[in-house]
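The numbers here are math on the coordinates, done by the rules we state, and not lab data. Small disclaimer: the values here were computed from a predicted structure and weren't measured. FYI the Cβ positions are ideal-geometry reconstructions off the backbone, even for glycines, and counts take in every protein chain you see.
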Amino acid sequence: PSAPSPTQTRIVNRITYLADLPRHRAYAASIEASVGSSGRSLRDDTGRLLAIPGPLGLNWKRRKWGLLPRIENGDLTGANPPTELRLRLAAGFHISVIGNPDWVFVKYHTHGGIEPNSGALLGEPMRRFHESLAGLEDLRVHYVTAREMANLVHAAEDGHRGDPAPYRDYLFRLPARA
């Protein structure tokens, strides 16, 4: 997400296949990823691009100046450290493949490891976040790469459920090492 920038698209919190069209028309002609044969045909279409967004919505529990809701856009910075509250909020946006609500995708980003964010990413806020994850009983978190996330989307489209871990290499595998 790029909110509050004017580059932010109208379609948010949905896994879609974008059309190869100029400007915002790619989103206007997008098709949501869903369980069934459409996923297979869309992923093989060279004129389509799989788009897996980060979360975007209002965070009413963290307010700016005690009044305005903050924007949750998946950015991990010193001003927006990782917290259980943010994870639950992002999971509540329910970014998933239509027809497979069990696998919810929460994508955070850091824009690199710049010095001002090092404390949030490597220090006490991240330690507290991981400590809180250990106590979660209703959410199960899997750290994945972009390749693995795409594989999980394709596995969900093909109707796979349960533990997503076995599907990290579903279609796209790591190249063999020489």
Length gain on complete extension for the stretch LEU58 to LEU121, per 0.36 nm per residue less the alpha carbon to alpha carbon distance?
20.4 nm
Sparse-neighbour loop sites [trypsin sites (Lys or Arg not before Pro); region 3-34; at most 13 other C-beta within 10 Å; DSSP]:
ARG10, ARG23
Other-chain or far-sequence residues with amide H under 5 Å of ASN13's (modelled H):
LEU56
Find the percent of Cα-Cα distances in the chain that exceed 27 Å, and round it to a whole number.
33
So for R0 = 30 Å, FRET eff. of ARG177-HIS142 from the Cβ-Cβ r, to 0.05, ends up at 0.80
Local electrostatic count at LYS61 - Lys and Arg +1, Asp and Glu -1, tallied over other residues with Cβ under 13 Å:
+4
What are the chymotrypsin sites (Phe, Trp or Tyr not before Pro) within region 64-161 that DSSP puts in a loop, where the Cβ has at most 13 other Cβ atoms within 10 Å?
TRP65, TYR143
Starting from region 97-178, pick out the trypsin sites (Lys or Arg not before Pro) whose DSSP state is loop and whose Cβ has at most 14 other Cβ atoms within 10 Å.
ARG140, ARG161, ARG173, ARG177
Region 123-144 residues near the modelled LEU85 label - backbone nitrogen below 14 Å, point 7 Å along Cα→Cβ
129
Net charge over other residues, Cβ less than 12 angstrom from the Cβ of ASN73 (K, R count +1; D, E count -1)
+1
Highest-MSF residue in the chain out of PRO53, PRO166, PRO125 [GNM, Cα springs under 10 Å]
PRO166
What distance in nm separates the simple spin-label points at ALA134 and ALA51, each placed 7 Å from Cα in the Cβ direction?
4.0
Distance between modelled label sites at HIS111 and SER37, nm, 7 Å Cα→Cβ extension
4.5
